[in-house]
Amino acid sequence: MRRPLPRDHFRKPLLETPFHPRLAALMQAEDWTNWGGYVSARTIRDAEQEYFAIRNAASLFDLTPMVKYRIAGPEAEAFLDRLTVRDVSKLAIGRVHYTCWCDDEGHVLDDGTLFRLAPTEFRLCCQERHLNWLLDSAIGFAVEIAEETEQVAALALQGPTSRALLTRAGFDGIETLKPFQIRDFHLDEGRVTVSRTGFTGDLGYELFAEPEAALELWDRLWAAGPWHGLQAIGFAALDLARLEAGFIIANSDFITAETAIRVDRRRTPDEIGLGWLVDGKKAAYWTGKRAVLAQRRDRSARWCLVGLDIDGNVPADHAIVYHKGKTEAGQITAAAWSPSAKRNIALASLRRPYGDTVKDDLWVEIYALRELVYHKLMVRARVVDRPFYDPPRRRATPPAET
């Protein structure tokens, strides 16, 4: 159930998360943005400093606007097996996996993380809202579905010192938590669910608590922060880290099937680099299975999403990719100079066979602004594997004491 709105809610059309008072007190850049109807920080102080906190120390990001659904009931597993492309029966209690789900024609509706909290209780986290689709898909299943975005406050604590910070903050035994594992911790302010997950491609954790305990959770982490270089960060720094990790964002790197205006903008899992998620051998039928497997059988996928290594140091934001400098092959969806990989990197959606069987002689058209004049640059690009940056600490258990 949604919280009742104050009488003068129209004066502040965006919701504020439970952590907003702490972020507002730290805000220097006055750089706010709208994330799913919430006031969210794009930059708090300096995007570059915030990025280096992710890679060299610890960073704290308000994750509350991420859409969260509680799915529970005796047939919750069967429902999610029908909904998503992965085999949910293989997801153990206290574990998380990354997944996606499709419409009947095999086009991706969204991607996200699925948490198995109990034998018949799950939490699905994603970018877009899909309550109507979930409810319609659940007809005939003994399952209850509710959006709990407002009922669950969430933080992302990411960076090489994040484990040591949690230990100092009283999360005893956190060093034994493995990647994609969940554990509950009982602190003074109540229960906090911690998962070793994140969107930075680095060592990190996500913490979930009731809104009433949010400020106490923030204060506990912040009090331990000075010993570990903790900084609050906004989306700008997170977006650079996720690009280095090769992660994609719905309606940024691909258009979700429900929001696509033109039918040729929709994509299947194989067309956005998520084909590895598809469990074609699982016994349960999942929505879109026939279409996705038929596309594989017929080799009819039209697009592919690839990583690019681009010459020079000018980011190729939304640039067009050409083959041999003449034939349009596709478009850059995200690009940046990577401080950690020391490379000019990008994600690109290319029309097959480009990026698939034809990977040579690719060029990117960049318009660089220099002294108030745009200069057209045609620079060479190479298809490379993702992630662009992959520190071993991301998977180490226990993580190093730093």
key: Greater than 28 Å apart at Cα, pairs in LYS178/LYS289; LYS289/LYS342; LYS90/LYS342; LYS68/LYS289; LYS90/LYS178   = LYS178/LYS289; LYS289/LYS342; LYS90/LYS342
request  = Please report how far the C-alpha centroid of the stretch 263-311 lies from that of the stretch 124-144, rounded to the nearest whole angstrom.
outcome  = 22 Å
query = Computed from these coordinates, which is log10 I(q)/I(0) by the Debye sum over Cα atoms at q = 0.06, 0.08, 0.10, 0.14 Å⁻¹: (1) -0.25, -0.45, -0.71, -1.37; (2) -0.22, -0.40, -0.64, -1.36; (3) -0.40, -0.58, -0.73, -1.16?
reply = (1)
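So, counting K/R as plus one and D/E as minus one, what does the shell of residues with Cβ under 13 Å around ALA78 add up to? Please list the in-between numbers first.
On the way: positive: ARG82, LYS282; negative: GLU75, GLU77, ASP81, ASP87.
Computed value for this residue: -2.
Go through 153-159, 316-322, 353-359 and give me the packing order, highest mean Cβ count within 10 Å leading.
Per-residue mean Cβ counts within 10 Å order the peptides as 153-159, 316-322, 353-359.
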key: Built amide H within the under 5 Å cut-off of TRP101, gap 5+   = LEU109, ASP110
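Can you sort PHE254, PHE141, PHE180 by 1.4 Å-probe accessible area, starting with the largest? Let's see the in-between values first.
Numbers: PHE254 5, PHE141 55, PHE180 90 Å².
Heavy-atom accessible area, descending, gives PHE180, PHE141, PHE254.
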query = Leaving out same-chain residues fewer than 8 places away, which lysines sit with a Cα under 19 Å from that of LYS326?
reply = LYS359, LYS376
inquiry  = Could you sort the peptides 16-22, 259-265, 72-78, 96-102 by per-residue average Cβ neighbour count (10 Å cutoff), highest mean leading?
reply    = 96-102, 16-22, 72-78, 259-265
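Between THR327 and ASP188, how high is the FRET efficiency from 1/(1 + (r/R0)^6) when r is the Cβ-Cβ distance and R₀ = 60 Å? Nearest 0.05.
Values: r = 63 Å, r/R0 = 1.05.
Efficiency, from the Cβ-Cβ distance: 0.45.
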task = Tell me, rounded to the nearest percent, the portion of alpha carbon pairs in the stretch 263-312 spaced more than 13 Å apart.
result = 63 percent
Pairwise centroid distance, computed over Cα atoms, of the stretch 89-105 with the stretch 372-402, Å = 27 Å
task = Could you work out, for the stretch 302-386, what percent of all Cα-Cα pairs fall into each 5 Å distance bin, beginning at 0 Å and stopping at the bin that holds the largest distance?
result = 3, 17, 29, 26, 15, 7, 3, 1, 0
remark   = Amide H contacts under 5 Å for ARG343, restricted to residues at least 5 apart in sequence or on another chain and with H modeled in the peptide plane, are SER338
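Would you calculate a helix-derived [θ] at 222 nm for the chain, using -39,500 (n - 2.57) for each DSSP H run of n ≥ 4 and dividing by the full residue count, to the nearest 500?
Numbers: 8 runs with 70 residues, N = 402.
Estimated from H runs of four or more residues: -5000 deg cm²/dmol.
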note = Protection proxy (average C-beta count within 10 Å per residue), highest first, orders 85-95, 299-309, 342-352 as 342-352, 299-309, 85-95
message = Could you tell me how far the Cα centroid of the stretch 224-253 sits from the Cα centroid of the stretch 322-340, in Å?
response = 22 Å
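The values are calculated or read from the model by the stated rules, or taken from the named source; none is laboratory data. Keep in mind it's a predicted model, so treat the numbers as computed, not measured. For neighbour counting, all protein chains shown are included, and Cβ atoms are generated from backbone atoms with ideal geometry for every residue, glycine included. Heavy atoms of the whole protein, side chains included, go into the accessibility calculation; ligands, DNA and RNA do not. Shrake-Rupley method; radii C 1.70, N 1.55, O 1.52, S 1.80 Å.
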